[in-house]
Every structure is written in structure tokens, then in C-alpha cells.
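A short write-up of the structure that comes next.
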Amino acid sequence: MITKKYQTGSALVVVVVLAAVAIVGGLGFVYWQNLANKKSSELSSQTSSKNDDSQKVTVHPQDSQGMKAADSFTTSLPKGWSVQKVYEDEDIVKTTSDGNQYLISSFVVDPDSTPAMENNQVSMGEVVKTVKTSKGTSVSVVKTPNSLTLTTCMPTGNDCYLQLNGKSLFVHLYWYKPGAQAAVDMDYTSASVQEVIDDFESIAASLNI
């Protein structure tokens, strides 16, 4: 009788020990899994941060009076671009690795006041890429001899411009030559041009218009 009780007690102890080991093991596994997930999440966040060097900015274009307009748009600038006062209060500027400087200017006018020269310039351009903005608008990057220009349709002239609060918005990228009084022809053979075109397409895709 004593032996039987002893055996029963021993079996119970074994069961309790095994249960305790299982619980501790399970808790340890859960803790390890949570720790691994946390490290993975932190690594992913750090990698994403390193890969995304863009900065979101708000830009006020120039109005028809040559002043900073009350209207504004936002976009994300790739690494190396910044908002500066050059010809206008808020130009977007970058100096590339080969020392060339590029400038993105923007201005707004009433739809019926579009400069004739703008229509002529775009109508002679070549679409290099069409992208969707952050709001789903289809925008084309048009290459002309002295600039890259954003339009909302194939280059046919009239009514091909971005719209900002009921006004026509013109966005151009120029090769910036300090001291020059007018735009100079873009050197499309330079090493930095493709980099700049890629950046301009990215800026167009992140426009909030």
C-alpha cells in the first residue's frame, strides 16, 4: 500500500515537473519570438529610413505680378534638392556631383493669361515619361531644348498645364548658370542630366495636385 502511494505521488511529481517545463519553455519561446520580431521591425525601419532620403516641402510659386503667390503645392524632394531664393522666392535647387546646378521654378497665372511662348515651347517638346501624382493626376515630363516641363497631356499647346486652385501652374527645370539673364540650352549629354530627369519625375509623382 505504501509503495503504491509512493508510486502515485512520484507520477504526480513527474507530471507537475513536465507541465512546469512545458510552461516555461512556451513562455521562453513567446519571449524569443517577440524579441526577434521587434529586432526585425527595428531593422526594417532603419533600412527604410536610410533608403528614403526625401523631404516633403511646401512651395509657393510666383504669381503674375512677380510676387510669391498665396497658392502653394507640396511635393517630396529627393536627396540633394532644397528650396532656395534664386530668381524667385521659392525655387528648388540642386548641385550635382559634376558641379552642374539645376533649378526648378514654378509660377501661376489665370487660365486665359497663359503666355504664348509657353504654348509654343510645349508644343515642340518630347514626352520622356508620364507619371501619376499622389492625387492620381496624369503628368507628363516634356523635354524641350532649354528645359524639362510638366504638362497634363501630350504636348499640343493649350490647356496642357497643371491646375492649382483654378489657375494654370507652370513647373520647369532649367540648367542654372549663375549670372545668366535667360535660360540656356540644357546639356543633355552631361553625366548629371539623367540623374536630374529621374529626380524631376520623382518630384512630379509626389505632387499633391
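Every read-out reported here was derived from the displayed coordinates using simple, explicitly stated rules and does not represent laboratory data. None of the values given here were measured: they were computed from a predicted structure. Here Cβ is always computed from backbone atoms with ideal geometry, including for glycine, and neighbour counts include all displayed protein chains.
Structure data summary
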{"item": "Of LYS143/LYS177; LYS94/LYS129; LYS56/LYS129; LYS79/LYS177; LYS85/LYS132; LYS135/LYS177, those spanning more than 24 Å from alpha-carbon to alpha-carbon", "result": "LYS85/LYS132; LYS135/LYS177"}
{"item": "Stretch gain in nm, segment TYR188-SER64, where the contour uses 0.36 nm per residue and the Cα spacing is subtracted", "result": "41.6 nm"}
{"item": "Longest to shortest principal axis, alpha-carbon extents of segment 55-205, angstrom", "result": "40, 33, 30"}
{"item": "Nonlocal amide H pairs with GLN163, under 5 Å, H built at 1.01 Å", "result": "LEU169"}
{"item": "In segment 57-109, the trypsin sites (Lys or Arg not before Pro) that fall in loop regions by DSSP, at most 16 other Cβ within 10 Å", "result": "LYS79, LYS85"}
{"item": "Modelled label reach - TYR87, point 7 Å along Cα→Cβ, segment 191-208 residues with backbone N closer than 11 Å", "result": "none"}
{"item": "Amide H contacts under 5 Å for LYS129, placed H, 5+ residues apart", "result": "VAL141"}
{"item": "Extension gain, ASP71 back to VAL127 (0.36 nm per residue minus Cα-Cα distance, nm)", "result": "17.4 nm"}
{"item": "Pair THR95, LYS177: separation of 7 Å Cα→Cβ label points (nm)", "result": "1.9 nm"}
{"item": "In sequence order, calculated HN-Hα J values of segment 189-195 (Karplus, 6.51, -1.76, 1.60; Hz; x Gly/Pro)", "result": "8, 6, 5, 8, 4, 5, 4"}
